[in-house]
Structures are given as structure tokens and as C-alpha cells.
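Report on one structure; see the data block that follows.
The values are calculated or read from the model by the stated rules, or taken from the named source; none is laboratory data. Just so it is clear, the model here is predicted, and its values are computed rather than measured. We place every Cβ from the backbone using ideal geometry, glycine too, and count neighbours over all the protein chains shown. In case anyone asks, the SASA skips ligands and DNA or RNA and just uses the protein heavy atoms, side chains included. Shrake-Rupley method; radii C 1.70, N 1.55, O 1.52, S 1.80 Å.
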Amino acid sequence: MDTYSINPASIIDKAVDLSMRLAGTDFPVSIFPTKIQRIISEVHECHNYPTDYIAAAILTAIAVGIGNMHLAQIKQGWLESPILYMALIGRPGANKSHPLSFAMKPFLDYDYRQNQEFEKALAKYDELMSMSRKERAESGGEQFPQEPIRKRFLVSDVTPEGLSLIHAQNKRGLCLWADELSAWFKNFNRYNNGSEEQFWLSVFSAKTTISDRKNAKSFIFIKRPYISVIGTIQKKILNELAKGERSSNGFIDRILFVMPNLQQKARWNDKELPEDIEQEWNAIIDQLIQSECNLNEQGEIDPQILCFSEDAKKRLYEWQHHFSELCDRETNDTIVSIYCKQEIYIIRFCLIIQLARWTCGECDKTCIDLLAVERAIKLTEYFKESALSVQNILNENALNSQQQAIVNLLPPSFTTAQAIQVAEQNGMKERTFQRFLNDNIGKLFRKEKHGEYSKINL
């Protein structure tokens, strides 16, 4: 019998997924261990935040906790960091920011404590530096005191140069938390045209970062950067994200979009969050933060490498071959680019899911197992569909009023003759419509077979 035919855990996962869909969300919450599923459920029931936002924020927080401490290895020389670029999409008042604040609170608390220690150490350093070497020696202080370093996980509005300096002092990794992502990408060209965008393209792939510091003889060399990004964005300004080269250089394809089906204003209720929920979440993140940090002879982090078990690798390869067939059949290059980035993300998801389960005592971390791969496949499918939905929004926003009217009037499935009739009724000539139809195969429409089409996610 095929080893993938019967899997009790996957049966439970499917049941949980069904219950979540009935609750109005598509995010596969069952990819998380039971403890985290309960946290998501309780936060949702208490505050009525969309489950997709809570789950995505928690996924990113776990990735940040892992940072450069663990890497996934597919084969020799191919390593993936759990770097995520995450965008929570919704209209104003959709409670995008609050779930993010909940998920990131353990890091905020850590950064606050570290900042207090830093200020004390800085005051002592300044006092020592105000003395002569002789006075320092006589007072029992260090003759050559080292300037203290502020340890942290979170950054907000910062230039690539400033970010590189902070990262050089925090080699475990960082998270850029932008409450409004538009402020992040709108500032890409504020100093050097295109350079900041290229910086983020490079960081996504964990490519070595070298930064020359102004008015200094030294430079910053980060062998393997880790910077995840998460923030919120309103649906109406998605077009801003696709401006310039971002829609053609693969930048937008690197972003994981979260856009819940339900965008209703949250209703208040009298339910209180159980006291142990926040404690439980703090403990999970703290276990990742407190993981032993091994350094090599050069002072660089020596990460634990997680390979895939044989059955996990076999399943992952099967998925990738099937995914490649989708790419081969796809005629739209934009969609193919989206698919290609999902191939990178699935490896990262495997690592994050494995370590999330480890923190909750559900598995070890000697390797990435089959269950982690199966759950990563579910998560990849969710983000693939979200990316296609966003692409449809961008395509729709680019239509003129006549084209939009025709698209709206077309049924979910239609023949060429039916479509031409709708087009002519709205003042568009047959030849013009044929060109419009062909140009939007893979964007707005899918060709099922000769003369028959369907609308994509509309």
C-alpha cells in the first residue's frame, strides 16, 4: 500500500480545515501544532480578528524566532532560511494591525528589556570614556571599554545602511514590522534610485550583504542576512505595490498575501482571553529566542541544518514535479513567476512548521519529516491562490470601464460566441474583443478547451 494513502494526522488536518472553511476562512490552521491552533482559536473568539491575519502573523513570528539559527537543506549546497515577506490586505477597520501586535508582543517585550540593559551599559560606557586611561585603571574599570550593542529583533522605518548596521550587531536576524507596508515600498527610491529595491530582492535570497559606511574606514559584511518583513496594506492601494519594475522584476511575487474572504467590521463581545493564552504564546517564542546560539571561529552563527527524511523528500519532489507541470501548461509569464516563488517558499514553510511542532513538543528537530511537508503543501496552496487573487485585482484595476463591464457580465464559464455577443452588446467589436481575450488568458480568463473559457477567481 502507498505510504501516503493512510495518514491519521492528515485526516485530522482535513477535518480542522473543513471547520475553518465553514467559519469563513481559508487559511489551513491545521498546519500548526495543537497548542498554536488553540491560541489562534481563542484570540479569534475573544477579539473577532480574522483568523487568516492571526495565523499569518503567528507564522511570521515563528519564522523570526528561528532566524539564522536553523536552515533547511534540500541537497548539498542548497540551503533555505525561513525568510518571509508577508502582507495583510484589508479595508480600513478590518483589524489587520491588532493580530500582528499580538503575535509580535514577545519580541516587543524582549526588545524593551534589552533596551533597558543597553541604556544602563551605555551610561556606564560614556562614564568610562569621559575618564582618562589612568583614571579608568585607578577606578578598576576597563582601560579599553567596548561600546555596548543593543540586541533586538524588530525594526521599523530604517534605511538599508542603518538596517545593515543593526543586522551586523544582531546576526540571529531581524523583522521589519511596517504597520503600513505602503510606507516601506514607497520609500525605496528616496535616496538612491532603485538601490533599496535591489537590497530587498537580495535579502530575500539571503545573499551576502556588503555595506560601505559613510565617513568610516570599515564596512559591514553580512554573510547570510536574515530579515523578514510583515505589515498591512489596504486593498485599494495594491496598485502602488505593482508600480515601476516591481511587477516585472519578481519583487511582488516574493510577497505572501493574506486576504480573508470575510472583511466585515469586528463585533465586540464579552469574552475574555484566557490568562494562559498569552503565557503559552510567550513560552513558544521564548523557547526559540533562548535556543543556544553556536558561533564558528569567525564569530558567525553556526546554524543547525535540517535535512529532509527520505519519505519527506520523496513527497516534496512529487509535489514539485506536479507543480512544474502546472508551470509548463501556464501561458502567462506573470503566473509562472508566482509559481516559481512558491517553490522557494514551500521549503521555508517545511522548516517553520517542523520547528513550530518542536517548540510544542510534538516532534524532534533532527530532520524535516513527512508531516511537515504535507502541511507545507497545504500552506503553499493557500498562498498560491492568494497571489492569484491579488493578481486578478491588479488586472481588474488596469481595465477601462468598457472592459470591466464586459468581464462583469460574462458568466463563470462561457464560449467564444457567448463572449462576443456580450462584447458587441457593450460596444466592443469582435476583433477587439478577441485581442482582449487572448491578451488576458492566464490573467482574467482560463482556456478550458477550443472555444470554451472560464473566469479566474472572479
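A few remarks follow.
Quick grid of which residues meet (1) part of a helix (DSSP H, G or I); (2) modelled with pLDDT under 95; (3) over 30 Å from residue 449 (Cα atoms):
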| residue | (1), (2), (3) |
| --- | --- |
| 305 | no, no, yes |
| 314 | yes, no, yes |
| 328 | yes, yes, no |
| 331 | no, yes, no |
| 338 | yes, yes, no |
| 343 | yes, yes, no |
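Yes/no matrix, rows are residues, columns are (1) over 21 Å from the mean Cα position of the chain (by Cα); (2) touching a residue at least 24 places away in the same chain (Cβ under 8 Å):
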position: 256; (1), (2): no, yes
position: 265; (1), (2): yes, yes
position: 274; (1), (2): yes, yes
position: 279; (1), (2): yes, no
position: 284; (1), (2): no, yes
position: 295; (1), (2): yes, no
position: 304; (1), (2): yes, yes
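- When residue 265 is tested against (1) in contact with a strand residue (DSSP E or B) (Cβ under 7 Å, 6 or more places away or on another chain); (2) open to solvent by 100 Å² or more (accessible area, probe 1.4 Å), exactly one condition is not met: (1).
- No other residue among 271, 365, 313 is out of contact with any strand residue (DSSP E or B) (no Cβ under 9 Å at 6 or more places or on another chain) and not acidic (Asp, Glu) apart from 271.
- Hits in the stretch 386-418 - residues which are among the hydroxyl-bearing types (Ser, Thr, Tyr), open to solvent by 70 Å² or more (accessible area, probe 1.4 Å) and not in a helix (DSSP H, G or I): 413
- For the stretch 358-385, a residue qualifies if it is open to solvent by less than 10 Å² (accessible area, probe 1.4 Å) and not hydrophobic (A, V, I, L, M, F, W, C), and exactly one does: 380.
- Any pair with Cβ under 8 angstrom, 6 or more apart, that starts in the stretch 402-416 at a residue that is farther than 16 Å from residue 392 by Cα and ends at one that is of a type in the set (Asp, Glu) and in a strand (DSSP E or B): 413/448; 413/452; 414/452; 415/452; 416/452
- A residue that is modelled with pLDDT of 95 or more, on the phi < 0 side of the Ramachandran plot, aliphatic (A, V, I, L, M) and within 14 Å of the chain's Cα centre (by Cα) occurs somewhere in the stretch 65-77.
- Within the stretch 424-458, the set of residues being under 24 Å from residue 329 (Cα atoms), basic (Lys, Arg) and not in a strand (DSSP E or B) comprises 435, 443.
- Among (1) over 20 Å from residue 303 (Cα atoms); (2) at pLDDT 70 or above; (3) outside any helix (DSSP H, G or I), the one test that residue 216 misses: (2)
- Set 327, 340: member being more than 24 Å from residue 291 (Cα to Cα) and in contact (Cβ under 8 Å) with a residue 24 or more places away in the chain: 340
- Only a single item in (1) assigned to a loop (DSSP other than H, G, I, E, B); (2) more than 27 Å from residue 239 (Cβ to Cβ) is not met by residue 421, and it is number (1).
- Within the stretch 341-356, restricting attention to residues that are open to solvent by 10 Å² or more (accessible area, probe 1.4 Å) and touching a helix residue (DSSP H, G or I) at 6+ places or on another chain (Cβ under 7 Å), the residue that is nearest to residue 308 (Cα to Cα) is 343.
- Within the option set 133, 150, 113, being open to solvent by 40 Å² or more (accessible area, probe 1.4 Å), within 30 Å of residue 277 (Cα to Cα) and either touching a Phe, Trp or Tyr at 6+ places or on another chain (Cβ under 9 Å) or in contact (Cβ under 8 Å) with a residue 12 or more places away in the chain (or both) holds for one residue only, 150.
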